[in-house]
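What follows is a set of notes on a single structure, which appears directly below.
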Amino acid sequence: MDSRQRAHELYMQGNAHRRQQRWADAVNAYEQAAALDPASPAVTARQMLIDILEYRCNDYYNP
């Protein structure tokens, strides 16, 4: 199996983890996929997931 195929498998695993709300596992799978294939959609998926997890609306916490 070449690195692009393995990267695709890891990307799909990341998607499965994300659907199950296993955030750390999803980010780790995306990072591994990105390391194997920098052109993988896992690069974007990882950044999007991190952006969502880091989002904080101050209005919700300081009414």
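Highest first, please rank the peptides 12-20, 49-57 by the mean number of other Cβ atoms sitting within 10 Å of their residues. Walk me through the intermediate numbers first.
Working: 12-20: 16.0, 49-57: 10.0.
Descending packing order for the listed peptides: 12-20, 49-57.
Using a 1.4 angstrom probe, figure out how much accessible area the chain has per residue, in square angstrom, rounded to the nearest whole. Numbers along the way, then the final one.
On the way: 4730 Å² over 63 residues.
Per-residue value: 75 Å².
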Listed residues Leu36, Ala16, Leu49: farthest to the positive end of the dipole of the chain (Cβ charges):
Ala16
Nearest-ten-degree value, helix 23-36 long axis tilted from longest Cα axis of the chain:
40 degrees
Specify the angular offset, from 0 to 90 degrees and rounded to the nearest 10, of the alpha carbon long axis of helix 42-54 from the longest principal axis of the alpha carbons in the chain.
20 degrees
For the chain, what is one quarter of the convex hull surface built on the Cα atoms, given in nm²?
4.5 nm²
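Charges at C-beta only: +1 for Lys and Arg, -1 for Asp and Glu. How large is the resulting dipole of the chain about its Cα centre, in Debye rounded to 20?
Values: 7 positive and 8 negative charges, 30 e Å.
That gives the chain a dipole magnitude of about 140 debye.
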Can you tell which of Ala35, Ala45, Ala26 shows the greatest fluctuation in a Gaussian network model of the chain with Cα springs below 10 Å?
Ala35
Summing -39500 (n - 2.57) over the DSSP H runs of n ≥ 4 in the chain and dividing by its residue number, what mean residue ellipticity at 222 nm do you reach, to the nearest 500 deg cm²/dmol?
-23500 deg cm²/dmol
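The values are calculated or read from the model by the stated rules, or taken from the named source; none is laboratory data. Small disclaimer: the values here were computed from a predicted structure and weren't measured. Neighbour counts run over all protein chains shown; Cβ positions are idealised from the backbone, glycine included. Side chains included, ligands, DNA and RNA excluded: accessible areas come from the protein's heavy atoms. Shrake-Rupley method; radii C 1.70, N 1.55, O 1.52, S 1.80 Å.
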